[in-house]
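Heads up, the thing below is written out as structure tokens.
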Amino acid sequence: MTIELVLEAPAKVNLTLNVLGKRTDGYHELETVMQQINLRDKIFLHTGGRDIRVTSNSSEIPDNEENLAYQAAHLLYSKFSLPTGLQIFIEKNIPVGAGLAGGSTDAAAVIMGINEIFDLRLQREELLELGLDIGSDVPFCVLGGAALARGRGEILTSLPKGPRLEMVLVKPDFQLSTREVYRDFRLEKVQQAPDNAAFLEAWRKCDMIGIVAEMKNVLETVSIEKCPEIQLIKVKLDALGAQKTLMSGSGPSVVGVFTSRDEACKAWETIKGQYRESYLVSSYDRGD
Ligand code: C5P
């Protein structure tokens, strides 16, 4: 008998991102607030066959071992004796190479899906650990909601539900390599680092003024140098009335936060004619 499971895999945006330094293992020590948004891939899992297969409606993602969803499945198959193969179909809605954890969220969904299908009964801590083997953002994608992430991204503190954020997300026609953005990051060049304690304080009070004041991403300058369009998008979203604009992760996606869904919608109506990959999105929490 084949079993089918359909899972949602939400994208994330970084509301703050600070880099504290480079580690001896080559990664950077981070302090970042991440929030899932309602832009989602859909993952279809089908048991059967003898091996792991990945297919997608998108030609932009690999269908082989380079695919993070494939790697996640392979990791679980190497650790557990699972009775049948797995077909993974990825309905791709999240822009690729965008700083939105598109590949990581697919991997997280596959880990959770395999746990469910094969009744492995892995606890959250184990799922988070398996996720970290695939990538720094995968543990957050397993946890979901909003969280402060430290370390490589795996030391996670879930945040209480904050204010619902109404955003316009724009991805320029350009992809950035996370590895290259971190490689070219220089701590001594940082001028505007977020104060995460102040952000969290504002978050707990649902104080939007305090929240947007601390929405800063120290990787912006590195990525803007590689892709000046990021700055142009920020200027355009500002002109369309955004309370704040911020690049997500290592970019090049930019989010504009608006005071209401209506304001966001008006801005989106204008900007979607200029950028093919423009989305009207809001924050997404487990159970939404
Ligand atoms: O963990 P992941 O494979 O997603 O990271 C991609 C690349 O981003 C790493 O190879 C590393 O160069 C960089 N990175 C980093 N510090 C982090 C996360 C990622 O330097 N905390």
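Which residues, counting only those in region 178-202, are surrounded by 14 or more Cβ atoms within 10 Å (Cβ to Cβ), of a type outside the set (D, E, K, R) and away from the ligand (no atom under 11 Å from the Cβ)?
Answer for region 178-202, where residues must be surrounded by 14 or more Cβ atoms within 10 Å (Cβ to Cβ), of a type outside the set (D, E, K, R) and away from the ligand (no atom under 11 Å from the Cβ): Val190, Ala193, Pro194, Asn196, Ala198, Phe199, Leu200, Ala202.
Scan region 161-174 and give yes if some residue there is within 16 Å of the ligand (Cβ to nearest atom) and β-branched (Val, Ile, Thr), otherwise no.
Checking region 161-174: not a single residue is within 16 Å of the ligand (Cβ to nearest atom) and β-branched (Val, Ile, Thr).
Quick test of your reading of the structure: Gln231 fulfils all but one of (1) more than 16 Å from the ligand (Cβ to nearest atom); (2) in contact with a Phe, Trp or Tyr (Cβ under 8 Å, 6 or more places away or on another chain). Name the failing condition by number.
Going through (1) more than 16 Å from the ligand (Cβ to nearest atom); (2) in contact with a Phe, Trp or Tyr (Cβ under 8 Å, 6 or more places away or on another chain) one by one, Gln231 breaks only (2).
Given the condition of a type in the set (Val, Ile, Thr) and either open to solvent by 10 Å² or more (accessible area, probe 1.4 Å) or touching a His at 6+ places or on another chain (Cβ under 9 Å) (or both), answer yes or no: does some residue in region 273-288 qualify?
no
Residues Gly256, Gly241, Gly249: which one is in a loop (DSSP other than H, G, I, E, B) and surrounded by 17 or more Cβ atoms within 10 Å (Cβ to Cβ)?
That would be Gly249, the only listed residue that is in a loop (DSSP other than H, G, I, E, B) and surrounded by 17 or more Cβ atoms within 10 Å (Cβ to Cβ).
Go through region 131-170 and report how many residues are touching a Cys at 6+ places or on another chain (Cβ under 8 Å) and under 29 Å from Gln243 (Cβ atoms).
2
Kindly provide the set of residues from region 133-156 that are within 16 Å of the ligand (Cβ to nearest atom) and either part of a strand (DSSP E or B) or surrounded by fewer than 17 Cβ atoms within 10 Å (Cβ to Cβ) (or both), ordered by number.
Asp133, Ala147, Leu148, Ala149, Arg150, Gly151, Ile155, Leu156
The values are calculated or read from the model by the stated rules, or taken from the named source; none is laboratory data. Computed from a prediction, not measured in an experiment: that's the story for all the values here. Cβ: placed from backbone, ideal geometry, glycine included. Neighbour counts: every protein chain shown. These area figures cover heavy atoms from the full protein model, side chains too; ligands, DNA and RNA do not enter into them. Shrake-Rupley method; radii C 1.70, N 1.55, O 1.52, S 1.80 Å.
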